[in-house]
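Read through the structure below, which is laid out as structure tokens, and then see the notes.
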Amino acid sequence: MAQQENTKHNSSKHKRKHGTTPHGPTLRRTLRREAPSTVGLLVDAQDFAAMRRYGTFPFDDHTAYLHQVEGLLKALAAQGMHTTIALFDPEDYAEFCAESGLDADTGASRSRFTAEIAAAGATVAYTGQRLTDVIPLLVSRAVRQATWEYATLLLADLGACADCGQDIGRAAFDRASHLLMRLLDTAGPGTHHLVCSTPTENDQLLAVLHTHRDTTGPARLDTSEGAEFATVLAVAIALESPGGVVLRTSAPDSPDRVHGWRLAHGTLAPLTAGEVFNAYCTDAETGEPVSPESGVEYSAGFDIAADPAERHH
């Protein structure tokens, strides 16, 4: 067997040397390795149970299903293929099939839906990490995507200002972007973790932003995270909702510092140190006090020196 393999290898080298091309199956295998793959993942037992109503869905145990998915991901990675994981939502899948006129009880429909959500939704690239590490990240990205889409729709539905004709959503987003950049400029060097929250009629919107700034140069931030943060802040500005922003800064050889602001009249008004402490050390759901963290300084929000805001009603 070893001799035969060696003969085939030498023959292939001879053909390539004289300009001949590999056979069709070899080319197809090469193309297959260069074609990205997407795996739609049912992350929890409830979603898994919803898919069991389809007779062509071949699994009956969620734990075994996750084990098989992880095996598939490892096999694809071993072949040198780029694979992404997308969140598979059974309700969205049923709606997709109904709107597209597809039979939901087929593997082809599940595959088509997976391709659709990978193109437009939140995904995580598989690089060999454990599936238990992938799932929280995938859920977090899906929540971020849904929050950004909802906030964007809210801004788009506001229309134009009756007095000046300016698009209210666009003006609010520009204002929010300005406030964010002023906040980052004033925060100084360090690793910054920002949270913006604001209530709406149907939900509590929450956006998170991570940045880092050296002693020289501007803050470095992820573009998509920055847009999501500014969009949620823009909703609070446009709707004049009681929004708030919290900044936590970490730097070497010093305790973490926490600052806070409330949104008032289109700008960020600093909270006092006591208000920041109360906000951080109170359970948001029960209202019960929470023990303060050791090594954390709860400080008043600082003045970001933003320009006066233009208000639209």
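What to note about this one:
- Close pairs (7 angstrom Cβ cut-off, 6 or more residues apart or separate chains): within 19 Å of E228 (Cβ to Cβ) in the stretch 165-176, open to solvent by 20 Å² or more (accessible area, probe 1.4 Å) and of a type in the set (A, V, I, L, M, F, W, C) anywhere: G169/A156; G169/L158; G169/A238; A172/I237; A172/A238; R175/I237; R175/A309; A176/I237
- Counting only helices (runs of 4 or more DSSP H) wholly contained in the stretch 104-191, the ones carrying 2 or more residues that are closer than 25 Å to R53 by Cα, at pLDDT 90 or above and open to solvent by 60 Å² or more (accessible area, probe 1.4 Å) occupy 107-120.
- Odd one out for R53, checked against (1) over 30 Å from A172 (Cα atoms); (2) surrounded by 15 or more Cβ atoms within 10 Å (Cβ to Cβ): (2)
- Failed criterion for G40 (all others in (1) in contact (Cβ under 8 Å) with a residue 24 or more places away in the chain; (2) over 22 Å from the mean Cα position of the chain (by Cα) hold): (2)
- Near pairs, Cβ below 8 angstrom, 6+ apart or cross-chain, from the stretch 124-138 (in contact (Cβ under 8 Å) with a residue 60 or more places away in the chain and within 11 Å of L87 (Cβ to Cβ)) to any residue that is surrounded by 13 or more Cβ atoms within 10 Å (Cβ to Cβ) and among the small types (G, A, S): L138/A86; L138/A122
- Against the conditions (1) at pLDDT 90 or above; (2) touching a Lys or Arg at 6+ places or on another chain (Cβ under 9 Å); (3) more than 26 Å from Y54 (Cβ to Cβ), G80 satisfies every one except (1).
- Pair list, Cβ under 9 Å, 6 or more apart: the stretch 43-55 residue at pLDDT 95 or above, other residue in a helix (DSSP H, G or I) and of a type in the set (K, R): M51/R110; Y54/R110
The values are calculated or read from the model by the stated rules, or taken from the named source; none is laboratory data. Only a predicted model underlies this, so the values are computations on that prediction, with no experimental measurement involved. Note that each Cβ is placed from the backbone with ideal geometry, even for glycine, and that neighbours are counted across all protein chains shown. When the accessible area is computed, the model is the full protein with side chains, heavy atoms only, and any ligands, DNA or RNA have been set aside. Shrake-Rupley method; radii C 1.70, N 1.55, O 1.52, S 1.80 Å.
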